[in-house]
Amino acid sequence: LGREFGGRGDIELELKALKYIARIQNTFTELNDIQINIIRFIQLIFKADEVILFTFENESQDQVFKKLLGNRDYWIYQSSLKLDKGIITQTINSRKIVELPIILAGDHFNAEIDSAPGLVVQHICSVPIIAGEKIYGGINLLNYQIPPLSNERMELLECFVTALANTMHTNEVFQSLRTKNTNLETGRLEILSSRNTLRALFDNLPVSIYIVDHNFNLLAINKSRADRANLSPNDMVGYKCYEKLFGQNDVC
């Protein structure tokens, strides 16, 4: 790969990128930072004028966020747009890589969607971002070195995009679990609140109430009845009712 990219510096950059990908698999890093770093590595390694990231804005997958880095380490351009005729639309719909080493009239290329502001696109490679069966968007690689991409370079590009897809999938699963945990905690607090309310009502009734099972075990007893036995409810629950309530050794 190093010979194709031009030398030792390119090999070191590729290794640095691959080490970064390996490292983020075992640590929790903000998704936005991961997207920026991987897009930057792709841009540097393939010597592209621009790499555009497209991610879905809604479940219907007809609206995408379009993000560009330019020569900065943060997004310099972000816009929301509806998917229309374009190479990225073709890539997303087919779930296959589309490469145009030369853009000709009649191609699906749509400068408004596929390109960056002010950039004249000479060649483009569009790659879908897929993890498992789910597609998360795609990238457009614009004006990169030595088109068309060789098999080796295409495999390297797919490696980076797969890493991006996996991190997006992991983030989605994490957010889903966090939402479920929040809902479970909310439900637990609601149950606890309801239980405390019922307990307060149960204990403050002036009449004596207790509940036993078929084996005469006390399942619950209110404070009014426990007071008559000179015990607390906690000291009585779980014991035989005839023992705690009436001081007998056998069923009443």
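Per-residue answers, yes or no, for (1) in contact with a Ser or Thr (Cβ under 8 Å, 6 or more places away or on another chain); (2) of a type in the set (S, T, Y); (3) open to solvent by less than 100 Å² (accessible area, probe 1.4 Å); (4) assigned to a helix (DSSP H, G or I):
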position	(1), (2), (3), (4)
S60	no, yes, yes, no
R72	no, no, no, no
D84	no, no, yes, no
I88	yes, no, yes, yes
T91	yes, yes, yes, yes
K96	no, no, no, no
TODO: Scan region 225-252 for residues that are buried (at least 17 other Cβ atoms within 10 Å of the Cβ) and within 24 Å of T197 (Cβ to Cβ) and report the count.
DONE: 4
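If you check R178, R188, R195, which single one turns out to be over 30 Å from N249 (Cβ atoms), open to solvent by 80 Å² or more (accessible area, probe 1.4 Å) and over 29 Å from the mean Cα position of the chain (by Cα)? Before the answer, list the steps.
Values: R178 fails: over 29 Å from the mean Cα position of the chain (by Cα); R188 fails: over 29 Å from the mean Cα position of the chain (by Cα).
On inspection, the qualifying residue turns out to be R195.
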Open item on the list: Considering only residues that are modelled with pLDDT of 85 or more, farther than 30 Å from T29 by Cβ and either charged (D, E, K, R) or part of a helix (DSSP H, G or I) (or both), which ones fall in region 170-224?
Closed with: D213, K223, S224
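Taking the conditions exactly as written (within 22 Å of the chain's Cα centre (by Cα), part of a strand (DSSP E or B) and hydroxyl-bearing (S, T, Y)), does S80 satisfy them or not?
On the way: within 22 Å of the chain's Cα centre (by Cα): yes; part of a strand (DSSP E or B): yes; hydroxyl-bearing (S, T, Y): yes.
In short, yes.
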- [ ] For L156, indicate whether it is open to solvent by less than 10 Å² (accessible area, probe 1.4 Å) and in a helix (DSSP H, G or I).
- [x] no
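The values are calculated or read from the model by the stated rules, or taken from the named source; none is laboratory data. Remember, it's a predicted structure, so these values are computed and weren't measured experimentally. All Cβ positions, even for glycine, are placed from backbone atoms using ideal geometry, and neighbour counts span all protein chains on display. For accessibility, only protein heavy atoms count, side chains too; no ligands or nucleic acids. Shrake-Rupley method; radii C 1.70, N 1.55, O 1.52, S 1.80 Å.
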